[in-house]
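The values are calculated or read from the model by the stated rules, or taken from the named source; none is laboratory data. If you're wondering where the values come from, they're calculated on a predicted model, not measured in any experiment. Note that we place each Cβ from the backbone using ideal geometry, even for glycine, and neighbour counts take in every protein chain shown.
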Amino acid sequence: MVPPSQSEFPAVWAEVRVGENLVKLLKDGDQAYPAMLAAIAAATETICLETYILRDDATGNRFLDALCSRARAGVVVLLMFDAWGSDVSGAALNSLREAGVHVSAFRPWRLSGSIARVLARHRRRNHRKSLVVDGSVGFTGGMNVSDDYASVADGGAGWRDTHLGIVGPGARALETLFLETWRRNRGPAFDRSRFRRPAVVESSSLRIVGNGLVRGRKLVRRAYEEAFSLAKDRIFVTNAYFLPPPQLVRTLIGAASRGVRVAVVLAGTTDVKLVLYAARGLYPALLGAGIELYEWSGEHVLHAKTAVVDGRWTTVGSTNLDPLSLTMNLEVNAIVVDREFGAAAERLFIADLVHCRRISFDSLERYGLFERVLSWLAWRVRLWL
């Protein structure tokens with residue numbers, strides 16, 4: 001496949017050559033969606049699309065139409081969506097299958113076996129967001145496929161999110177992860193000869209880290225913990241659903257105690273208020289350790305999941321810093337070790353601070369009694385998730 005030309009990526013926050021890969025930092029749906037749709041339109045052999053939320057709204061239909069078009073042209077198209085997270089009609093799914101798209105719903109509800117087994121099976125969801133075209137162009141990050149992430153100008157809700165584009169061999173690691181999940185989810189058969197690629201070579205500058213169904217369920221969590229524990233100067237975190245486990249909290253507090261500047265942006269404008277209340281239960285401990293806390297107060301919901309450490313180690317992905325993402329759900333994050341890319345990610349973090357309000361102990365005093373009690377309870381309940 002010939003990678004899409006620069007003109008097919010009309011706007012990006014940053015574009016950096018990292019080893020053998022060209023890595024693109026994409027802010028919001030107005031940058032990510034055009035790039036993704038351009039890549040799909042350029043596909044000649046294979047497309048793998050994986051998403052937690054798939055809707056057949058205006059944005060979803062743009063993607064579904066694009067997939068159908070390429071399938072009719074002879075491209076092997078694999079689409080996997082989470083059966084719980086998604087809201088896509090039977091008519092839309094039938095149209096996909098009629099066009100030749102291979103469709104796999106991840107773990108639809110099935111009442112078979114003991115109650116414990118049913119709950120254990122259905123509690124783990126596929127929260128990944130990835131797209132791989134011809135094994136050479138890949139995308140991952142926080143954006144699902146729905147109008148929530150599309151720009152207001154395109155009729156969407158304009159949610160604030162971050163995605164990553166990869167042109168080069170790093171895309172194959174995303175594809176490998178997708179195909180393994182497809183196999184374990186017993187997706188429909190397809191022409192595997194189209195996916196004969198050179199073996200994925202581990203790169204120190206670009207890694208794809210994914211929580212597995214069987215093994216490696218804490219790989220993303222360990223990557224965060226290692227990066228935070230090695231930080232020497234600064235840690236910038238943006239995470240929409242911030243309920244970190246005790247060990248990760250201790251790692252952040254330990255970094256702050258070493259003199260590392262730790263700044264965290266959480267979603268004040270959010271679609272899940274209960275998570276915000278629970279996170280506020282942690283504020284006193286973090287503020288007491290000298291950690292900077294900011295709540296996003298922009299007009300649109302914050303959904304991004306990123307971190308930058310020492311301006312060199314950057315991660316962009318689907319992983320929330322909460323118990324479900326870190327121990328249960330299927331997630332995927334890209335980790336880029338590069339100073340130029342890290343500088344671009346830091347610029348994005350600083351730009352977001354304009355839309356935040358800084359939290360202080362005085363801020364906590366302004367919360368009403370009911371809200372403080374709710375935060376205290378929600379923070380402790382999160383341990384049962």
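Can you name every residue in the stretch 45-62 that is surrounded by fewer than 22 Cβ atoms within 10 Å (Cβ to Cβ) and hydrophobic (A, V, I, L, M, F, W, C)? Across the stretch 45-62, the qualifying residues are Ile53, Ala58.
Under the condition of being in contact with a Pro (Cβ under 8 Å, 6 or more places away or on another chain) and loosely packed, with under 13 Cβ neighbours inside 10 Å, the residues counted in the stretch 198-235 number 2.
Among the residues of the stretch 288-308, which ones are of a type in the set (Gly, Ala, Ser) and either in contact with a Lys or Arg (Cβ under 8 Å, 6 or more places away or on another chain) or assigned to a loop (DSSP other than H, G, I, E, B) (or both)?
Scanning the stretch 288-308 gives Ala289, Gly290, Ser297, Gly298, Ala304.
Is it true that some residue in the stretch 138-159 is at pLDDT 95 or above, more than 16 Å from the chain's Cα centre (by Cα) and in a strand (DSSP E or B)? No: the stretch 138-159 contains no residue that is at pLDDT 95 or above, more than 16 Å from the chain's Cα centre (by Cα) and in a strand (DSSP E or B). Of the candidates Leu266, Leu248, Leu243, the single residue that is modelled with pLDDT under 95 and under 13 Å from Asp322 (Cα atoms) is Leu243. Taken over the stretch 8-39, residues that are more than 19 Å from Asn333 (Cα to Cα) and either modelled with pLDDT under 85 or among the charged types (D, E, K, R) (or both) amount to 5. Scanning the stretch 61-82 for residues that are among the acidic types (Asp, Glu) and more than 21 Å from Glu180 (Cα to Cα) yields a single hit, Asp65.
Considered as a group, the residues in the stretch 74-103 that are in contact (Cβ under 8 Å) with a residue 12 or more places away in the chain and either outside the structural domain of Asp147 (by TED's automatic domain parsing) or charged (D, E, K, R) (or both) include one that is surrounded by the most Cβ atoms within 10 Å (Cβ to Cβ), and that residue is Asp82. Scanning the stretch 223-271 for residues that are out of contact with any strand residue (DSSP E or B) (no Cβ under 9 Å at 6 or more places or on another chain) and either of a type in the set (Val, Ile, Thr) or not assigned by TED's automatic domain parsing to the domain that holds Trp296 (or both) yields a total of 2. In the stretch 331-346, of all residues being in a helix (DSSP H, G or I) and in contact with a strand residue (DSSP E or B) (Cβ under 8 Å, 6 or more places away or on another chain), the one that is surrounded by the most Cβ atoms within 10 Å (Cβ to Cβ) corresponds to Ala345.
Being modelled with pLDDT of 95 or more and among the hydroxyl-bearing types (Ser, Thr, Tyr) holds for only one residue in Ser5, Ser104, and it is Ser104. Mind checking which residues of the stretch 193-213 are assigned to a helix (DSSP H, G or I) and out of contact with any strand residue (DSSP E or B) (no Cβ under 9 Å at 6 or more places or on another chain)? Of everything in the stretch 193-213, just one residue is assigned to a helix (DSSP H, G or I) and out of contact with any strand residue (DSSP E or B) (no Cβ under 9 Å at 6 or more places or on another chain), namely Ser193. When Thr327, Thr251, Thr238 are screened for being closer than 24 Å to Gly342 by Cβ and within 17 Å of the chain's Cα centre (by Cα), only Thr238 passes. Annotation note: Cβ proximity below 7 Å between a residue of the stretch 188-206 that is of a type in the set (D, E, K, R) and a residue that is surrounded by 10 or more Cβ atoms within 10 Å (Cβ to Cβ) and assigned to a loop (DSSP other than H, G, I, E, B) (sequence gap 6+ or interchain) occurs for Arg194/Glu45; Arg197/Gly135. Only residues that are among the β-branched types (Val, Ile, Thr), surrounded by 20 or more Cβ atoms within 10 Å (Cβ to Cβ) and farther than 15 Å from Val262 by Cβ were counted in the stretch 272-300, giving 1.
For residues in the stretch 230-273 being part of a helix (DSSP H, G or I) and not aliphatic (A, V, I, L, M), which is nearest to Ala304 (Cα to Cα)? Checking each candidate, the answer is Lys273.
Selection over the stretch 308-328 of residues that are modelled with pLDDT of 95 or more and not acidic (Asp, Glu) gives a count of 13. Tell me yes or no: at least one residue of the stretch 81-97 is modelled with pLDDT under 85 and of a type outside the set (Phe, Trp, Tyr). Checked the stretch 81-97: no residue is modelled with pLDDT under 85 and of a type outside the set (Phe, Trp, Tyr).
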